[in-house]
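The values are calculated or read from the model by the stated rules, or taken from the named source; none is laboratory data. It should be emphasised that the depicted structure is a prediction, and the values quoted were computed from it without experimental measurement. Cβ: placed from backbone, ideal geometry, glycine included. Neighbour counts: every protein chain shown. Ligands, DNA and RNA are excluded from the accessible area calculation, which covers all protein heavy atoms including side chains. Shrake-Rupley method; radii C 1.70, N 1.55, O 1.52, S 1.80 Å.
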Amino acid sequence: MQFAVAMLVLDTWQYFIHRYMHINRFLYRHIHYKHHSLIVPFAYGALYNHPLEGLLLDTVGGAISFLVSGMTPRTAIFFFSFATIKTVDDHCGLWLPGNPLHVLFSNNSAYHDVHHQLFGGKYNFSQPFFVVWDKILGTYMPYSLEKRRDGGLEARPVKD
């Protein structure tokens, strides 16, 4: 139960702060752009951000989710390790067959890859677990996985 509450709280915090960093030109240009300078996401880029962004999204969001959920320190170690692994996986740019994180969560590497594409900056703000806020607030952009000629898969937005 503590894991579920922490996941919902962290997702809510990160959605609204992340979206605001895209809406506010000053914050985007001077803070969040550092993360988006990586057009093609890769694993180590998941946590490539401005220190203030790391403080706001990860540290403050983590502290709030820890306090609201009532986790013990031991549970928190497992939760934050899982959240970090999930975030790195979301930015790895790979769709690996049988990846349990892709099976369990619709917020995955393909979903987040759309957000990092040049036209995706107004969509798919949710991170790291669910896509609920994107769906509720109209910022959800579905995607399809298409085979590349040279091999592999590519996430392509499905626009209405």
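The table for this structure:
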| read-out | value |
| --- | --- |
| Residue 46 vs. criteria within 21 Å of residue 131 (Cβ to Cβ), open to solvent by less than 50 Å² (accessible area, probe 1.4 Å) and either among the basic types (Lys, Arg) or within 13 Å of the chain's Cα centre (by Cα) (or both) | yes |
| Any chance residue 151 is over 19 Å from residue 83 (Cα atoms), under 17 Å from the mean Cα position of the chain (by Cα) and free of Cβ contacts under 8 Å to residues at least 12 places away in the same chain | no |
| Of all residues in the range 71-80 being hydrophobic (A, V, I, L, M, F, W, C) and either assigned to a helix (DSSP H, G or I) or closer than 14 Å to residue 13 by Cα (or both), the one that is most open to solvent (accessible area, probe 1.4 Å) | 78 |
| Residue check for residue 93: in contact (Cβ under 8 Å) with a residue 24 or more places away in the chain, within 23 Å of residue 17 (Cβ to Cβ), of a type in the set (Gly, Ala, Ser) and not in a helix (DSSP H, G or I) | no |
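Listed here are the residues, each with its yes/no results for (1) modelled with pLDDT of 95 or more; (2) open to solvent by 60 Å² or more (accessible area, probe 1.4 Å); (3) under 16 Å from the mean Cα position of the chain (by Cα).
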site	(1), (2), (3)
22	no, no, yes
69	yes, no, no
83	no, no, yes
96	no, yes, no
